[in-house]
Every structure is written in structure tokens, then in C-alpha cells.
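Before any comments, here is the structure.
The values are calculated or read from the model by the stated rules, or taken from the named source; none is laboratory data. Please read these numbers as outputs of a predicted model, since none were measured by experiment. A quick note on method: Cβ atoms are made from the backbone with ideal geometry, for glycine too, and the neighbour counts reach across all protein chains shown. The protein model used for the area step is the full one, side chains on, heavy atoms only, and it has no ligands, DNA or RNA in it. Shrake-Rupley method; radii C 1.70, N 1.55, O 1.52, S 1.80 Å.
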Amino acid sequence: MKTLLKGGRVVDPVAGRDGVFDVLIDGDRVVEVGSNLSAAGAKVIDVPAGFIVAPGLIDIHVHLREPGQEHKETIATGLASAVAGGFTAVACMPNTTPVNDQAGITQFIVKRAAEVGLARVYPIGAVSMGSNGEQLTEIGDLRAAGCVAITDDGKPVGSALLMRRALEYASMFKMPVIEHCEDPSLKGNGVAHEGAVASLLGLKGIPSCAESIMAERDISLAELTGGHVHIAHMSARQTLRAVRAGKANGIHVTCEVTPHHFTLTDVAIRGYDTNTKMNPPLREEADRLAMIEGLRDGSIDVIATDHAPHHADEKALEFDKAPFGIVGLETAIPLCVTKLIEPGVVTWPRLIELLSAAPARVLNLPGGTLTAGGTADITVIAPDAAVTIRAASLKSKSKNTPFDGWELKGAAAATIVGGKVVFVNDAVAGSERFQ
Ligand SMILES: [Zn+2]
């Protein structure tokens with residue numbers, strides 16, 4: 001079965017392509033990307049003028065919650081949310097119940113994801129058994145079962161020695177160690193960024209250096225071991241400074257930032273809305289601007305959502321007691337287009353680098369480019385679509401977003417995984433052509 005996407009703006013930074021091209025797909029593979037392509041018997045889809053045809057977006061920081069926390073999200077609802085947000089692949093964090101610290105759990109996730117279909121799932125295993133920070137997991141077994149990285153996300157790896165060993169072993173399997181950078185003693189029982197807003201609200205603060213101190217430690221350990229450390233959900237300008245210094249010294253460090261950290265600041269928490277409570281916390285305007293600059297100048301590698309679904313009952317607590325985190329898969333494209341493309345912070349090729357090419361590179365995944373013989377994972381984006389975020393309409397099982405009611409620009413028009421159209425956005429004019 002051949003499909004020909006005709007006439008979209010193909011943006012593929014790895015292939016150096018940005019222009020109007022056709023994409024010919026046969027089965028689950030890309031056959032050719034070029035001008036004026038034709039193929040006998042192919043189903044032809046006329047891509048509306050101006051729509052972006054990109055290699056499938058990859059979100060490397062997603063909490064799918066299954067096994068064990070299915071009241072928040074399941075692999076099925078999480079993947080429905082992913083493809084609705086334009087993501088053809090997600091990497092899922094190990095802080096499920098039980099923790100993904102052994103091959104049997106990884107295999108369960110891989111099997112369940114294959115049954116669901118929709119987006120591809122790449123599990124991330126734990127650094128330590130139970131993510132308790134004591135005994136290293138069997139990293140080779142996790143790798144063999146399908147894990148693409150290790151992390152104790154949700155918590156940092158508290159012991160520098162354990163982090164050293166994790167970097168040593170993970171590098172034998174060419175995997176990064178992803179760190180949730182947070183010095184536990186400095187974080188204490190903080191719930192918001194330590195600064196004027198938290199003081200005013202009477203909330204316990206988490207200083208920026210709780211993050212940057214641990215990032216500096218880990219970058220030093222990456223230097224010592226030659227391993228690859230990836231800094232998750234960077235929020236503080238001091239952390240970005242440490243990452244830049246590490247990169248300048250040839251150390252293998254990469255980093256990601258979330259849409260909420262380049263969009264919001266701690267000012268958003270003034271109404272005590274628990275959907276503005278996340279970890280790391282929303283920081284100050286100077287931090288937000290630093291993240292924007294890092295996205296612009298290339299020192300930030302990846303945009304990842306840290307999609308963290310929580311049940312409404314869990315979030316309906318006092319700010320101090322509510323869990324950290326928000327859903328992010330379905331708001332990523334509109335926030336990126338509105339906050340980064342529209343004001344001219346980044347170009348489309350740079351945005352696709354941040355959302356597809358670089359995530360593939362950081363986790364050594366297939367995809368991230370559209371080349372002959374490569375997998376036909378494609379995201380079609382309507383860059384000018386007007387979007388109003390409606391929490392109640394999200395495909396995710398949880399609705400914990402601070403962006404409810406926001407009017408934004410840009411949406412996934414269609415999501416294609418392995419040559420199959422797995423999502424069509426009925427609300428975007430022209431999308432019906434992909435049906
Ligand atoms: Zn985290």
C-alpha cells in the first residue's frame with residue numbers, strides 16, 4: 001500500500017530540507033522525498049498549503065503511569081494523548097508501581113504498547129532498585145528488554161558514587177543516564193520556587209541551586225567516567241550555565257526544557273492553582289528568558305513535556321499537599337508555535353530539531369529524519385490553526401493543565417506512525433484529507 005503526501009512544507013533539519021516536497025510512503029517505510037513525485041496506485045493526500053510535514057515528534061519525558069497508577073493514565077490513554085499532540089513516539093519514565101527496575105516490567109510495557117498501537121513507546125529503566133538510591137539495577141537486562149536510558153526520575157540519584165557507577169555501566173550499553181537534578185537537602189519540603197512570590201504566599205521554597213548543584217556534580221561525573229548525562233526538565237538559569245560550561249569542555253552532557261518552563265513563571269502560582277505546581281517549580285522571569293535564549297542559541301538540546309497526569313481528586317488539595325506535575329502532550333505544539341515560532345525565537349527547522357531530531361539523537365532512537373528506507377513516522381502540523389485549550393477535551397485520562405482556556409496558535413493536523421494515519425485533527429481545516 002503506497003501513500004503519497006503531496007505539497008506540504010517538508011521541514012527536516014537532519015536532511016537539510018525546508019521547502020515544498022512530496023513524500024512517498026510504501027507500507028511502513030519512506031520510499032522517497034522529492035519534487036513532483038508520482039506513483040501508480042498510490043493513495044494521494046494533498047497536504048494543505050503551508051502545513052508542515054515533519055519527521056515524527058518524539059517526547060523523551062512522559063509518565064504513562066501504567067503499571068499501577070491507572071487512575072491517572074494508562075498506556076492506552078497516554079498514547080491517545082501522544083498522537084493527538086503530534087507525537088509519534090514517547091519514552092516513558094520508570095516511576096510506576098512497581099518501578100520499572102527489571103526486565104519483566106519493561107517487557108510488560110513493551111507488550112502493552114504494541115497491543116495499543118498508536119505511538120511507539122521506548123521504556124526508560126530505573127537507575128536503582130525501586131528508585132531507592134541504593135542498589136544499581138541490572139542495566140544490561142533492562143537494555144536487552146528494550147530500555148533506552150536509565151533514570152530515577154521523580155527523585156535524583158542522591159549518592160555521587162551510585163551516579164558514577166550508573167554512568168559507567170550505562171555507557172557500556174551506549175545509554176544516557178537521565179537525571180532529575182535536585183539536591184534533597186536543599187529541596188527539603190519546598191513546593192515552589194524560592195523567591196518573592198513564594199514568600200508572599202507563605203509557601204516553602206526550593207532554591208534554584210538545588211537543581212544546579214546536582215547538575216554540576218553530574219557533569220563532573222560525566223567528565224570522570226566519559227558517560228552521557230542528560231539533564232531532565234531544566235528550570236534554572238544557573239543549570240543552563242553549568243550545561244554550557246560542560247559542553248564547552250567537551251563533556252557529554254545534554255539537556256531538555258519543558259514548554260511550561262519557557263512559558264510560565266512563578267507569578268502563575270499566585271492563585272494557589274495546584275495545576276501550576278510542578279517539580280522543578282516554575283521559576284522567575286530571568287530563568288524563563290534564559291531558557292528561551294538556550295532554545296534560540298542551541299545550548300538546549302531537546303523540548304520534552306514531562307507529561308505528568310494526576311487525578312482531579314489528587315490535585316484538589318491544598319497547594320502544599322497536592323502532587324507535582326501537569327499533563328503536556330497535547331499542549332506542546334501550540335505552546336511551541338505561539339511562544340517560540342510566532343515571536344521569531346526559533347525557526348521551523350530549529351523547532352523540529354528540538355522536538356524530533358535531537359530527541360532521537362539523545363536516546364539513540366530511530367527516526368528524527370525522513371529518508372529513503374527510514375520508518376514512515378510523520379507529524380503534519382497546521383502552523384496557523386487557532387486553538388483554544390480545553391482541559392475537559394484532552395485525550396489524556398487526567399486534565400491537570402494550567403493552560404485551560406488559553407488561546408494559542410498551531411496544532412497537530414495528522415499523525416502518521418509506521419505509514420499508518422493514527423490521528424486526524426477534526427478541528428483543523430484541511431485535516432480531513434488525511435482520513
Ligand atoms: Zn523529574
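Annotations
- Considering the range 205-318, the qualifying helices (runs of 4 or more DSSP H), each wholly inside and each with 1 or more residues that are β-branched (V, I, T) and at pLDDT 95 or above, run over 209-225, 237-248, 259-263, 285-297.
- Yes/no for V267 being open to solvent by 60 Å² or more (accessible area, probe 1.4 Å), of a type in the set (V, I, T) and away from the ligand (no atom under 16 Å from the Cβ): yes
- If you go through the range 167-191 and keep only what is within 16 Å of the ligand (Cβ to nearest atom) and either in contact (Cβ under 8 Å) with a residue 40 or more places away in the chain or in contact with a Lys or Arg (Cβ under 7 Å, 6 or more places away or on another chain) (or both), you end up with P176, V177, I178, E179, H180, C181, E182, G190, V191.
- Cross-chain or 6+ apart pairs with Cβ under 9 Å, the range 259-276 first and under 18 Å from L317 (Cβ atoms), then small (G, A, S) and open to solvent by 30 Å² or more (accessible area, probe 1.4 Å): T274/A316; T276/A268
- The range 229-263, residues that are within 22 Å of the chain's Cα centre (by Cα) and open to solvent by 20 Å² or more (accessible area, probe 1.4 Å): R237, Q238, R241, R244, K247, H252
- The condition (being within 16 Å of the ligand (Cβ to nearest atom) and either open to solvent by 10 Å² or more (accessible area, probe 1.4 Å) or within 25 Å of K247 (Cβ to Cβ) (or both)) is satisfied by just one residue among D306, D313, D287: D306.
- Residue check, V380 closer than 26 Å to D26 by Cα, open to solvent by 10 Å² or more (accessible area, probe 1.4 Å) and hydrophobic (A, V, I, L, M, F, W, C): no
- Close pairs from the range 215-237: first in contact (Cβ under 8 Å) with a residue 60 or more places away in the chain and of a type in the set (G, A, S), partner in a loop (DSSP other than H, G, I, E, B) and more than 14 Å from the ligand (Cβ to nearest atom), Cβ under 7 Å, at least 6 apart: G227/H252
- Where a residue in the range 137-159 is over 19 Å from D183 (Cα atoms) and of a type in the set (S, T, N, Q) and its partner, wherever it lies, is modelled with pLDDT of 95 or more and open to solvent by 10 Å² or more (accessible area, probe 1.4 Å), with Cβ under 8 Å and at least six apart: T137/D101; T137/Q102; T137/M129
- Strands (runs of 3 or more DSSP E) contained in the range 48-166 and holding at least 2 residues of a type in the set (A, V, I, L, M, F, W, C), away from the ligand (no atom under 16 Å from the Cβ) and open to solvent by less than 20 Å² (accessible area, probe 1.4 Å): 52-55, 57-62, 87-92
- Subset of the range 202-212 (residues that are crowded, with 16+ Cβ neighbours inside 10 Å and closer than 14 Å to D320 by Cα): L203, G205, I206
- Answer from P366, P323 - the residue that is without any contact (Cβ under 8 Å) to a residue 60 or more places away in the chain and closer than 30 Å to G227 by Cα: P366
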